[in-house]
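Enquirer: Quick one: this structure, given as structure tokens, is what I'll be asking you about.
Every number in this text was worked out from the coordinates using simple rules, so none of it is lab data. Please read these numbers as outputs of a predicted model, since none were measured by experiment. In this analysis, Cβ positions are derived from the backbone assuming ideal geometry, glycine residues included, and neighbour counts consider all displayed protein chains.
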Ligand SMILES: Cc1ncc(COP(=O)(O)O)c(C=O)c1O
């Protein structure tokens, strides 16, 4: 009997151990799920088509930066949108508003001058609305971006980068292409209306557009210039989408927001929404080299007379970060509610990207890396114990030939060399 009693005691003891381990585990799991629950966006079983899959991106704690700064640094994973960036939201809003207002006809072509992400998003989303997409892009932008746009079925013009005041700036060419598409449609309509003949039968008729761009065919339904810089649909995409999501995902408990600006749509839409919800939430800009926005926010002047965009003979090489920094005030940026601004360097952005890759497994594009530089700078400025949100705009895959190319970086003496966050003034022992 003794062995049986011993066995029984062993079984009972083992059961207690197993049970208490199970209970402990359950307890720790439930407390951690309580913490993460705050940041989990509402789960929907299925979403409606590609467009339904845009937005409601996760908000994640960036562990390395949070631990190093003592602030909760949260990144909105916009790179998880189907088109790979924050611009998917903008593309949807621009197309939907244009279709609703009748400025874009069903089957028409959306044109845009874009350094990449917006173009990729428009090309991704346009077919879902039965529309086409034509993109004008500066020829110094990473080649993989125009390859993606073409693979998505859009037409692409790569043009020499010139000042925005030049008629052949990529944005101005894109605007022109939309007008040309509309002219073609009205010529077509008029010629049909006048004598019932097809335009190609009319003596001397030749479309200029046809020579320039293959998207302008006889069945062209007209064009619409997306105009992401000045079209406030961009701002509204973030005011109605990104901002409310951040508010919901943090349960309204955040202290500050920081992001860089290209068109200014993100920083404007999010800052305006958050400050209307709670005026104590502080919103900041992080500005890359060569951009005039830091001066505008901190000193009220954009640039010296010599630096004004119209006075530049050509676009100078200012920053290797793509999609952010600008030397004019856009309609979208004007909607921003900012409490201050920081400047970031290209070296900081490069080092930050490698640090996040090594420590968090986050493979981010250059603007996201700059946003994280901004988040750390903001944490250093307001001190530990605060919750800071930033945007992770796109991932590194679109940046292989530049931002993630050792050869490219070495040309500018930007080869990463940091082992920790010392490039942000944070010593190893601090993290
Ligand atoms: C990759 C990337 N990140 C950030 C931005 C800046 O966002 P916004 O235009 O909303 O200021 C852009 C803009 O084109 C971008 O392409």
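Enquirer: Given Cα pairs under 8 Å that are at least 6 residues apart, what percent is the relative contact order of the stretch 317-385?
Expert: Details: 41 pairs, mean separation 24.5, N = 69.
Once normalised by length, the contact order is 36 percent.
Enquirer: Return the Rg/Rh value of the stretch 130-183, two decimal places, where both radii are evaluated on C-alpha atoms and Rh is the Kirkwood radius.
Expert: Working: Rg = 11.7 Å, Rh = 11.8 Å.
Radius of gyration relative to Kirkwood radius: 0.99.
Enquirer: If you don't mind, there's one more thing I want to ask. When a/c reaches 1.5 or more, the comparison of a/b and b/c decides; with that in mind, is the stretch 266-415 rounded, prolate or oblate per its Cα gyration tensor? Can you show the working numbers first?
Expert: Numbers: a/c = 1.96, a/b = 1.10, b/c = 1.78.
Taking the square roots of the gyration eigenvalues as a ≥ b ≥ c, the stretch 266-415 is oblate.
Enquirer: How long is the stretch 85-170 along each principal axis, judged by its Cα atoms, biggest number first, in Å?
Expert: 34, 27, 21
Enquirer: Another question, then. Fewest Cβ neighbours within 10 Å first, please rank 133, 77, 372, 71 accordingly. It would help to have the intermediate numbers written out before the result.
Expert: Values: 133 27, 77 19, 372 31, 71 23.
Sorted ascending by nearby Cβ count, the order is 77, 71, 133, 372.
Enquirer: Over 20 Å apart: what share of the alpha carbon pairs of the stretch 349-431 falls there, rounded to a whole percent? Don't jump to the answer; show the numbers that get you there.
Expert: Details: 1125 of 3403 pairs.
The calculated P(r) of the stretch 349-431 puts 33 percent of pairs beyond 20 Å.
Enquirer: Could you work out how far apart the two model spin labels at residue 165 and residue 150 are, taking each label as a point 7 Å from the Cα in the direction of the beta carbon, and quote it in nm?
Expert: Spacing of the two 7 Å Cα→Cβ label points: 3.4 nm.
Enquirer: Here's another thing I want to ask about it. Percent of Cα-Cα pairs per 5 Å bin, from 0 to the last occupied bin, for the stretch 391-431, please list those.
Expert: In whole percents, the pair-distance histogram is 5, 19, 17, 17, 24, 14, 3.
Enquirer: Send over the Kirkwood Rh of the stretch 39-134, from the inverse of the averaged 1/r over different Cα pairs, rounded to one decimal Å.
Expert: Working: mean 1/r = 0.0672 Å⁻¹.
After inverting the pairwise mean of 1/r, the radius is 14.9 Å.
Enquirer: Starting from the Cα of residue 411, step 7 Å toward the Cβ, then list every residue of the stretch 125-159 with an amide N under 15 Å from that point.
Expert: Only 139-144 fall inside the zone, counting backbone N under 15 Å.
Enquirer: Going by how many other beta carbons lie within 10 Å of each one, how would you line up 51, 270, 301, 389, fewest first?
Expert: On the way: 51 18, 270 31, 301 9, 389 27.
Least to most surrounded, the residues fall as 301, 51, 389, 270.
Enquirer: For the stretch 393-431 and the stretch 363-379, what is the separation of their Cα centres, given in Å?
Expert: 11 Å
Enquirer: Further question: By counting other Cβ atoms within 10 Å of each Cβ, how are 353, 253, 163, 367 ranked from fewest to most? All intermediate terms of the calculation are to be shown ahead of the outcome.
Expert: Working: 353 25, 253 11, 163 16, 367 30.
Sorted ascending by nearby Cβ count, the order is 253, 163, 353, 367.
Enquirer: Put one equal scatterer on each alpha carbon of the stretch 232-299, apply the Debye formula with no solvent term, and list log10 I(q)/I(0) at q = 0.20 1/Å to two decimals.
Expert: Computed log10 I(q)/I(0) values: -0.79.
Enquirer: So for the stretch 54-112, averaging the separation of alpha carbon pairs under 8 Å that are six or more residues apart and normalising by length, what relative contact order in percent results? Working shown, then result.
Expert: Details: 49 pairs, mean separation 15.4, N = 59.
Value for the stretch 54-112: 26 percent.
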